[in-house]
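Below is one structure, written out as structure tokens, with a few remarks after it.
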Amino acid sequence: MSRVIRTAAAQMGPNPRDMPRATVVARMIALLDQAAAQGAELVVFPELALTSFFPRWFLPDQADVDAFFETEMPNAATAPLFARARALGVAFSFGYAEVLQQDGRTCRYNTAILVDGTGQIVDHYRKVHLPGHSEHEPWRPFQHLEKRYFEPGPFGFQSVKALGGRIGQAICNDRRWPETYRELALSGAEMVLIGYNTPRHYPPAPEHDHLQDFHNHLSLQAGAYANGMWVIGVAKAGVEEGCDLIGGSAIVAPTGEIVAQAATLGDEVIVADCDLDRCAEIRANIFDFAKHRRPDVYTRLAAPGIAT
Ligand code: CDT
């Protein structure tokens with residue numbers, strides 16, 4: 001039986017701060033329709049897809065922060081997206097800011113969900129690697145306050161059975177960490193969905209700004225190859241509230257080759273046929289984990305210490 005998932009990366013252009021969620025969701029539905037017209041069974045949207053990338057702002061009033069969060073999913077704003085996807089029988093994933101009450105306290109996560117073709121949420125991932133800083137740093141031209149506005153996801157990385165294979169999720173900065181992919185691969189993932197918002201300018205090391213696109217693809221391609229799995233990287237791109245976000249959304253094969261890549265910095269759909277059986281090209285060969293991996297000597301990997 002064929003295990004090809006025709007997959008779309010639905011890159012999004014900027015979401016201005018005052019763009020209503022209804023408008024953003026209408027754009028997402030237009031992208032979903034375009035993808036479905038090309039036969040896509042799975043449509044992958046970016047990190048924090050419903051709003052502007054708000055960690056760029058220091059917002060002293062918690063009410064201003066909370067305006068970017070969702071208390072339930074689906075909700076009134078996203079219900080039309082869920083309905084259209086269900087009508088089309090298309091699975092989709094997207095990122096959003098999630099707030100919930102848990103064990104008597106308020107928890108806020110940078111979250112991504114995977115929804116299957118029947119409209120069921122089948123995977124709920126909370127971002128593990130939160131980049132940036134916790135305090136206002138006025139010297140920066142823009143902030144990166146993920147460490148202030150979110151807490152790290154406590155559940156790590158796992159994949160779920162969906163669409164005839166095993167699918168996992170990660171979010172933006174996670175894609176730079178080899179551990180992300182290896183953990184997902186060891187959980188059986190054959191495809192990993194990764195939305196991102198990556199500013200071209202990195203204030204602590206501006207000498208690397210010209211490498212942002214390179215580092216994006218380097219990470220996605222290395223993760224795919226070293227673990228023999230499909231990686232779908234999807235940007236929110238373009239100039240959002242004065243902040244230049246890279247594009248370069250890409251569908252990467254288990255060989256590490258980019259098989260489809262966005263050409264713009266706006267709303268754009270790219271599509272590829274992702275045959276999950278192609279994971280074996282790598283996993284039954286150079287990265288045959290059972291045959292060649294040496295976890296007995298990787299003792300430092302899961303230990304907290306760092307040699308100095
Ligand atoms: N959203 C996100 O994680 N962005 C980071 C920006 C660099 S760290 C300040 C990234 O890794 O792309």
Worksheet entry | Pair M19, E179: separation of 7 Å Cα→Cβ label points (nm) | 3.4 nm
Worksheet entry | Whole-angstrom gap from region 186-242 to region 159-180, using each part's C-alpha centre | 13 Å
Fill in: Charge dipole (debye, nearest 20) of the chain; +1 at Cβ of Lys and Arg, -1 at Cβ of Asp and Glu
600 debye
Item to complete: Only helical DSSP H runs with n ≥ 4 go in: add -39500 (n - 2.57) per run for the chain, normalise by residue count and round the 222 nm mean residue ellipticity to 500 deg cm²/dmol.
Response: -6000 deg cm²/dmol
Worksheet item: Counting other Cβ atoms within 10 Å of each Cβ, which GluC sites (Glu not before Pro) in region 97-151 have at most 12 and sit in a DSSP loop?
Response: E135
Worksheet item: Which residues' amide hydrogens lie under 5 Å from the amide hydrogen of Q11, considering only partners 5 or more residues apart or on another chain, with H built in the peptide plane?
Response: E268, I270
Item to complete: Could you tell me which of P138, N110, V160 has its Cα farthest along the dipole of region 106-160 towards the positive end, charges placed at Cβ (Lys, Arg +1; Asp, Glu -1), taken about the Cα centre?
Response: P138
Fill in: Mean Cβ neighbour count within 10 Å, used as a protection proxy, ranking 28-34, 50-56, 225-231 highest first
225-231, 50-56, 28-34
Item to complete: Enumerate the calculated ³J(HN,Hα) couplings along region 14-24 in order (Karplus 6.51 cos²θ - 1.76 cosθ + 1.60, θ = phi - 60°), each rounded to whole Hz, writing x wherever the residue is Gly or Pro.
Response: x, 10, x, 4, 8, 6, x, 4, 4, 5, 4
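Please tell me the relative contact order of region 12-67 in percent, rounded to the nearest whole number, where contacts are Cα pairs under 8 Å and at least six residues apart.
The value is 50 percent.
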Worksheet item: Just G13, G248, G156 to compare: in a GNM of the chain, with alpha carbon springs under 10 Å, which one fluctuates most?
Response: G156
Worksheet item: So between F289 and F214, what do we pick up on full extension, going 0.36 nm a residue minus the alpha carbon distance?
Response: 24.2 nm
Worksheet entry | Cα→Cβ-extended label distance, 7 Å offset, between D273 and F58, nm | 5.4 nm
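Given the peptides 276-285, 182-191, arrange them by the average over their residues of other C-beta atoms within 10 Å, most packed first.
Top of the packing list down: 182-191, 276-285.
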Discussion item. Report the Cα centroid-to-centroid distance between region 99-122 and region 70-95 in angstrom, as an integer.
Written reply: 13 Å
Worksheet entry | At most 15 other Cβ within 10 Å, DSSP loop - chymotrypsin sites (Phe, Trp or Tyr not before Pro), region 146-195 | F155
Worksheet item: Based on the Cβ-Cβ distance of M1 and V259, what FRET efficiency does E = 1/(1 + (r/R0)^6) give at R0 = 30 Å, to the nearest 0.05?
Response: 0.85
Fill in: Separation in nanometres of the label points that stand 7 Å from Cα toward Cβ, at Q38 and A280
2.8 nm
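Since every read-out is calculated from the coordinates, none of them should be taken as a lab result. What you see is a predicted model, and the numbers here were worked out from it, not measured in a lab. Cβ: placed from backbone, ideal geometry, glycine included. Neighbour counts: every protein chain shown.
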